[in-house]
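Below: one structure, written as structure tokens.
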Amino acid sequence: MNNLYDQLLRREKKLCVIGMGYVGLPIAVSFSRHVDVIGFDINQDKISHLKAGVDVTGEVEEGALKDCRVCFTADEEKLSEADFFIIAVPTPVDEDKNPDLAPLTSASTILARHLKQKNIVVYESTVYPGLTEEVCVPILEKRSGLVYKKDFKVGYSPERINPGDKVHRLENIVKIVSGCDEETKELVASVYELVVEAGVFRAESIRVAEAAKVIENSQRDINIAFMNELSIIFHKMGIDTKAVLEAASTKWNFLDFKPGLVGGHCIGIDPYYLTYQAQKLGYHSEVILSGRRINDNMGQYIARCIVKKLIEADVLIKGAVIGIFGFTFKENCPDIRNTKVIDIVRELEEYQVRTVLVDPKADVPMAKSLYGVEVIKMEQVKEHSLDGIVLAVSHQEFLDYKPEDWNKYYKEELSRKLLADIKGIYNKTEYEEKGYSYWRL
């Protein structure tokens, strides 16, 4: 197997990344600086954009696509040219919050048709412990006719890329690696060490690596849920949550978490993979699912608070127009998968409040396709007279806004302008002194 590593370095063998999304694309581009890389995705439009040097995810530095040596393709026959595979496809949940393994099983099926002896397959997708070897490996065996551990080997190295984060990147985040045996684990570690400057951590087994990944985001989810619950309680007490957290954070071991919407393809999804498998084993999660319920309901809670603030401002609810600034699941990235801002929209619609969605970053066509909503750009907002504004996502473009910057978007006749600053990025006193009805979690 060490021979494969040397052959990759000599560009006699090729590495293939399956899935050219927020995770797979940066991996492919990074590896292409050291080895020959095939970047495969079933989405022909995405491949066409990548060949033209256009990265719709915004995860790769400008110009890096045109300079890299990745062979982008939607032709699965090209997979036959590779010997080391990395699968980085989404692992979402369905409407019942159960794992949706379709992207993962589809990728495994496609790969299996081109799998050869002595090939290595590394999965990066977030899964519950045991899934790689219990679900993916049987597909590889059945479709390829090859025998696991005899003809081909499998590893698991969970993705840790944080979309939109220009600081914590693939290169400077410690990479967990694992393999079906020690030899495979060492080969996988050596390959990833080519691009991960922070080094690799060799997990005891594939199942341990799978478990490590799924609890990382579950832990964060639970901590944010606690903050969201505190926010609800403190609002009932008439206490400003941010002021409380600023005071409490003066203690050296206080954990720096804040209330907010929890969406996206990781934190809002991964806990369900863990609790799904736990239920199959006869254990019903208490803490994890409780945290999920709190976070899943925050969009509705925020919308109801906005309605109350509109009533306080003497705004007629039916037909009121609210501008929601930010639609992505997090700041400074175009990703709208599992965005919880849509929950605010849907709940306001129940009160017959009209919403105007504004986002300088969001993937507009995908917003229309996934949620059936129109997202406009900043320059279009003035076409709408707003009764209130919700700053839902703290994109860089909004950070330096002052009361006078927001003023131009409201109806002129409003006596008090409602601004719901979900993340609490502005100075509360400054806005209240300017006559705003300012609210934050």
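Here the helices (runs of 4 or more DSSP H) wholly within region 157-258 that include at least 2 residues being touching a strand residue (DSSP E or B) at 6+ places or on another chain (Cβ under 8 Å) and of a type in the set (Gly, Ala, Ser) are 206-237.
Does ILE239 satisfy the criteria of being under 28 Å from ILE389 (Cα atoms), at pLDDT 95 or above, surrounded by fewer than 22 Cβ atoms within 10 Å (Cβ to Cβ) and not acidic (Asp, Glu)? So ILE239 fits the description; yes. For region 297-308, the condition of being of a type in the set (Phe, Trp, Tyr) and either loosely packed, with under 15 Cβ neighbours inside 10 Å or within 20 Å of ILE376 (Cβ to Cβ) (or both) holds for none of the residues. Apart from one condition, VAL262 fits all of (1) of a type outside the set (Ser, Thr, Tyr); (2) surrounded by fewer than 17 Cβ atoms within 10 Å (Cβ to Cβ); (3) touching a residue at least 24 places away in the same chain (Cβ under 8 Å); the exception is (2).
One residue alone among VAL135, VAL127, VAL154 is modelled with pLDDT of 95 or more, β-branched (Val, Ile, Thr) and open to solvent by less than 30 Å² (accessible area, probe 1.4 Å), and that residue is VAL154. One residue stands out in region 7-25 among those that are of a type outside the set (A, V, I, L, M) and within 14 Å of the chain's Cα centre (by Cα): the one that is surrounded by the fewest Cβ atoms within 10 Å (Cβ to Cβ), namely GLY21. Considered as a group, the residues in region 53-80 that are open to solvent by 60 Å² or more (accessible area, probe 1.4 Å) and farther than 19 Å from GLU141 by Cα include one that is nearest to the chain's Cα centre (by Cα), and that residue is VAL56. When region 312-342 is filtered for residues that are under 12 Å from GLY264 (Cα atoms) and open to solvent by less than 10 Å² (accessible area, probe 1.4 Å), the ones remaining, listed by number, are PHE327, THR328, CYS333, ASP335, ILE336, THR339, VAL341. When the residues of region 400-441 are filtered to those that are open to solvent by 20 Å² or more (accessible area, probe 1.4 Å) and under 23 Å from the mean Cα position of the chain (by Cα), the one that is farthest from THR241 (Cα to Cα) is ILE425. Identification of helices (runs of 4 or more DSSP H) wholly contained in region 318-427 with 2 or more residues that are under 16 Å from ARG440 (Cβ atoms) and in contact (Cβ under 8 Å) with a residue 40 or more places away in the chain yields 341-350. Cβ-Cβ contacts under 8 Å between residues 6 or more apart (or on different chains), taken from a first residue in region 267-296 that is under 10 Å from SER218 (Cβ atoms) and free of Cβ contacts under 8 Å to residues at least 40 places away in the same chain to a second residue that is open to solvent by less than 30 Å² (accessible area, probe 1.4 Å) and part of a loop (DSSP other than H, G, I, E, B), are listed as THR275/SER285. Looking only at region 380-399, filter to residues that are modelled with pLDDT of 90 or more and of a type in the set (D, E, K, R); which one of those is surrounded by the most Cβ atoms within 10 Å (Cβ to Cβ)? Restricting to residues being modelled with pLDDT of 90 or more and of a type in the set (D, E, K, R), the top hit is ASP387.
The values are calculated or read from the model by the stated rules, or taken from the named source; none is laboratory data. Just so it is clear, the model here is predicted, and its values are computed rather than measured. Reconstructed Cβ throughout: ideal geometry from the backbone, glycine too, with neighbour counts over all protein chains shown. To get the accessible areas, we keep the full protein, side chains included, count just its heavy atoms, and leave off ligands, DNA and RNA. Shrake-Rupley method; radii C 1.70, N 1.55, O 1.52, S 1.80 Å.
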